[in-house]
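The values are calculated or read from the model by the stated rules, or taken from the named source; none is laboratory data. A quick note: this is a predicted structure, and the numbers were derived from the prediction, not measured. Quick reminder, even Gly has a Cβ in these numbers, built from the backbone with ideal geometry, and neighbours come from all protein chains shown.
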Amino acid sequence: MGHIKLHIKRDDKVMVIAGKEKGKIGRVLRVLPEKQRVIVEKVNIVKRHAPPSPTTGQGGIIEKEAPIHISNVMIVCDKCMNPTRVGRKFLEDGRKVRYCKKCGELIDKI
């Protein structure tokens, strides 16, 4: 299976549009393209029992974000503050950027 092109990148602001976390807004911490999932800050929190180790300290029950399917999130535009679909276009200097389909504002910071 080749490289899968996704419309969401790390540090994008996204809103969950389906499931038990519907309506929550958070920042994308990690993108898992091979599984078509994203990990969003403070969304889909699960509890995991961890044994004591150098990374977890004394161990116990830790809470962490679980991946959510990419189809259940939408990018939130900084200008119009709405969840929006993403378009792609080339600028005059040849760069490919993403833009908001609702207001036309560029999503990729220049």
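Can you confirm whether Lys24 is free of Cβ contacts under 8 Å to residues at least 24 places away in the same chain, surrounded by 15 or more Cβ atoms within 10 Å (Cβ to Cβ) and among the basic types (Lys, Arg)? Considered against the rule, which asks whether it is free of Cβ contacts under 8 Å to residues at least 24 places away in the same chain, surrounded by 15 or more Cβ atoms within 10 Å (Cβ to Cβ) and among the basic types (Lys, Arg), Lys24 comes out as yes. Filtering the range 19-65 to residues that are over 12 Å from the mean Cα position of the chain (by Cα) and among the small types (Gly, Ala, Ser) leaves Gly19, Gly23, Ala50, Ser53, Gly57, Gly59, Gly60.
Can you name every one of the strands (runs of 3 or more DSSP E) wholly within the range 1-104 that holds 3 or more residues which are hydrophobic (A, V, I, L, M, F, W, C)?
The qualifying strands (runs of 3 or more DSSP E) are 13-16, 25-32, 37-40, 45-50, 73-76.
Scanning the range 36-64 for residues that are in contact (Cβ under 8 Å) with a residue 12 or more places away in the chain, farther than 30 Å from Lys9 by Cβ and in contact with a Gly (Cβ under 9 Å, 6 or more places away or on another chain) yields one hit, His49. If you take the residues in the range 1-18 that are closer than 24 Å to Lys96 by Cβ and more than 10 Å from the chain's Cα centre (by Cα), which one is modelled with the lowest pLDDT? Here the residue is Met1.
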